[in-house]
Amino acid sequence: MTSPFRIYAVRYAHRRCTSSEAFYGDHHAAPMTMDYFVWALTDGVRTVVVDLGFTEPVGTRRGRQFLRCPSKGLAEIGVDCARVEHVILSHFHYDHVGNYALFPRATFYVQDAEMAFYTGRHAALPAFRHSVEVDDVCALVRLNYDQRLVFVDGEREIVPGVSVHKVGGHTAGMQIVAVDHAKGRAVVASDASHYYRNFEERIPFNTLHDLPGMYGAFDRIRQLASAENLVLPGHDPQVLQRLTSVADGIVEL
Ligand SMILES: [Zn+2]
């Protein structure tokens, strides 16, 4: 038996957007907001960080409101990025992989399909290129040559109690994270479901790699999670209301 993990969401940035950006088929362009998070999982001995967030220069260039470096938020819950050994990268979009330099001791877990796609023939098409920073992708290639990436094709246990699961939809190699939590099996869905509403009402987000894969991802989230309230979406400001506040912009499941 492993002891259950505690799961924290740390908000580091914010922006205004519209419902048409968030929900496939929505033409109302109603104003809404989007938050940016990184997640920390810890059982008291092992710590796994899920996603890295973007750097302030990248966020500012893209018009995002940068609230703090993700490392500062993680430090508030006792996570020292310089000592973290396991980092799961849910996918390669700029808002999830920018701060690799803050994790000098980490191994980064990525899906084969994600690296193949963003180093492959379609990566430079505007529809896909827009969502990544080329410098980040190059850095990930370098990290691979430094033997600091672990490639996953599908599913893998990262540490006992934490596993990754490839899903389709948002990107070619999107992966979600299943976590043994005191309340049951939780899922850090990241951008397999940006908002609660995406998976609750089965409405895909509007930035997508393949539409049927989006629905498959919603199914997989529900299969893996013991209960719907144990799913953490990737960008929903409601995360800060539905979970338990532990510090400013930091909540615990
Ligand atoms: Zn994202």
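Read-outs throughout are calculated quantities, based only on the coordinates presented, and are distinct from any laboratory measurement. No experiment lies behind these values; they were computed from the predicted model shown. Don't worry about glycine lacking a Cβ; one is built from the backbone with ideal geometry, like all the others, and counts go over all protein chains shown.
Computed quantities for the displayed model
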| item | result |
| --- | --- |
| Restricting region 101-150 to residues that are away from the ligand (no atom under 16 Å from the Cβ) and hydroxyl-bearing (Ser, Thr, Tyr), the residue that is farthest from the chain's Cα centre (by Cα) | 145 |
| Residue list for region 213-244, restricted to those being in a strand (DSSP E or B) and touching a helix residue (DSSP H, G or I) at 6+ places or on another chain (Cβ under 8 Å) | 231, 232, 233 |
| Qualifying residue in region 42-62 (condition: surrounded by 20 or more Cβ atoms within 10 Å (Cβ to Cβ) and acidic (Asp, Glu)) | yes |
| Near pairs, Cβ below 8 angstrom, 6+ apart or cross-chain, from region 182-206 (at positive phi) to any residue that is more than 15 Å from the ligand (Cβ to nearest atom) | 184/225; 184/226; 184/227; 184/230; 202/215; 202/218 |
| Single residue of region 105-128 satisfying the filter (charged (D, E, K, R) and over 19 Å from residue 90 (Cβ atoms)) that is surrounded by the fewest Cβ atoms within 10 Å (Cβ to Cβ) | 121 |
| Top-ranked residue of region 170-202 - restricted to ones that are assigned to a loop (DSSP other than H, G, I, E, B) and within 13 Å of the ligand (Cβ to nearest atom), ranked as nearest to the chain's Cα centre (by Cα) | 191 |
| Meets criteria (under 22 Å from residue 213 (Cα atoms), of a type in the set (A, V, I, L, M), crowded, with 22+ Cβ neighbours inside 10 Å and away from the ligand (no atom under 16 Å from the Cβ)) for residue 164 | yes |
| Hits in region 208-249 - residues which are polar (S, T, N, Q), over 25 Å from residue 74 (Cα atoms) and surrounded by fewer than 14 Cβ atoms within 10 Å (Cβ to Cβ) | 223 |
